[in-house]
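Trainee: One structure, pasted below without further comment.
The values are calculated or read from the model by the stated rules, or taken from the named source; none is laboratory data. What you are looking at is a predicted structure, and each value in this text was computed from that prediction instead of being measured. Counting neighbours? That spans all protein chains shown, and the Cβs are built from the backbone with ideal geometry, glycine included.
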Amino acid sequence: MSSIARGIITASRSAARIARPAHAGPVVRRVVAGPSTYSRRRYATTSGEASTIDPSLTRALDLLESGTRALEDGDLAQAAKLYRESVESKETSEGWHNLGNCEYHLQNKVQAVEAWGKSIELQPSPDAHTNLASAYALDNPPKPALAIKHLTAALDLSPEDPEIAFNLAAILESTGQLEPALTLYKKAQSGGIDRAAQNVRNVSAKIIGERAKQAQAQEDQK
């Protein structure tokens, strides 16, 4: 496993939420590693009157809820089927997001990436961008430029999220971008990611070492 992939996995402590219609019961929180099993955001549904006007939305929300129940029962394939039917009835960001998560865990990575992309087109979210970044970091070979692109977008949407900062720092460090990595590790540490303290020390030492080499090289050229 590449250093990029290890950085993403070990950094991930995100608690994900099931995407449910706003009228549903309590949101269940789960700890995950890598792309989350559920969308963290609630579904921002319209009023009951709007759902009556648009029966396709009502059906999509019902299928979304059924897919979530299938996930809770451990039936990933059935959940994927229901989420797919949901977005076929009416495209929603949450429907595509959760379908992407199911496809990823079913080892259908191409379909997962496509679904997360459609989720972002409808409503950009840090969750979908983070999942795309994880998929690209875990790809064979890894695609760090795309992972950085999506983690940067995720951090723009959720600038105070220390886990996103840590994951972005890990990939930046792996690609030799030490100064911005150090800044983000410090941000992650101040946000409560305890393991970031060691990364701050390690990257600081690397930067000092590089500066010493540069200074020596300049002296040698005189």
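Trainee: Given the residues P142, P124, which is the only one that is under 12 Å from the mean Cα position of the chain (by Cα), outside any helix (DSSP H, G or I) and not acidic (D, E)?
Mentor: So the residue among P142, P124 that is under 12 Å from the mean Cα position of the chain (by Cα), outside any helix (DSSP H, G or I) and not acidic (D, E) is P124.
Trainee: Also: Against the condition in a helix (DSSP H, G or I), touching a Pro at 6+ places or on another chain (Cβ under 8 Å) and assigned by TED's automatic domain parsing to the domain that holds E103, how does A153 come out, does it pass?
Mentor: no
Trainee: List the pairs whose first member sits in the stretch 147-175 and is at pLDDT 95 or above and buried (at least 24 other Cβ atoms within 10 Å of the Cβ), whose second member is among the charged types (D, E, K, R) and not in a loop (DSSP other than H, G, I, E, B), and whose Cβ atoms are under 6 Å apart, counting only residues at least 6 apart or on separate chains?
Mentor: From the stretch 147-175, the pairs are A165/K187.
Trainee: Do we have any residue at all in the stretch 98-110 that's buried (at least 22 other Cβ atoms within 10 Å of the Cβ) and more than 30 Å from R195 (Cα to Cα)?
Mentor: Looking through the stretch 98-110, at least one residue is buried (at least 22 other Cβ atoms within 10 Å of the Cβ) and more than 30 Å from R195 (Cα to Cα).
Trainee: Output the qualifying pairs, or none if there are none: Cβ atoms under 8 angstrom, residues six or more apart or on different chains, first residue in the stretch 100-114 and without any contact (Cβ under 8 Å) to a residue 40 or more places away in the chain, second residue among the polar types (S, T, N, Q) and not in a loop (DSSP other than H, G, I, E, B).
Mentor: Sorted first by the residue in the stretch 100-114, then by its partner, the pairs are E103/Q111.
Trainee: Please go through the stretch 161-180 and pick out each residue that is in contact with a Lys or Arg (Cβ under 9 Å, 6 or more places away or on another chain) and closer than 18 Å to G191 by Cβ.
Mentor: The answer is P162, E163, A165, F166, A169, A170, E173.
Trainee: If E114 satisfies every condition in (1) surrounded by fewer than 16 Cβ atoms within 10 Å (Cβ to Cβ); (2) outside the structural domain of S86 (by TED's automatic domain parsing); (3) in a helix (DSSP H, G or I) but one, which is the exception?
Mentor: Here E114 meets the rest and fails (2).
Listed here are the residues, each with its yes/no results for (1) touching a strand residue (DSSP E or B) at 6+ places or on another chain (Cβ under 9 Å); (2) modelled with pLDDT of 95 or more; (3) in a helix (DSSP H, G or I); (4) closer than 22 Å to I148 by Cβ.
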site: E179; (1), (2), (3), (4): no, yes, yes, yes
site: L182; (1), (2), (3), (4): no, yes, yes, yes
site: Q189; (1), (2), (3), (4): no, yes, yes, yes
site: G192; (1), (2), (3), (4): no, yes, no, no
site: A197; (1), (2), (3), (4): no, yes, yes, no
site: N202; (1), (2), (3), (4): no, yes, yes, yes
site: I207; (1), (2), (3), (4): no, yes, yes, yes
site: A212; (1), (2), (3), (4): no, no, yes, no
site: E219; (1), (2), (3), (4): no, no, yes, no
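Trainee: Against the definition (closer than 15 Å to G67 by Cα and assigned to a helix (DSSP H, G or I)), how does E94 come out, yes or no?
Mentor: Answer is yes for this residue.
Trainee: Continuing with the same structure: Could you tell me whether any residue of the stretch 127-134 is over 26 Å from N98 (Cβ atoms), free of Cβ contacts under 8 Å to residues at least 40 places away in the same chain and not acidic (D, E)?
Mentor: No, because not a single residue in the stretch 127-134 is over 26 Å from N98 (Cβ atoms), free of Cβ contacts under 8 Å to residues at least 40 places away in the same chain and not acidic (D, E).
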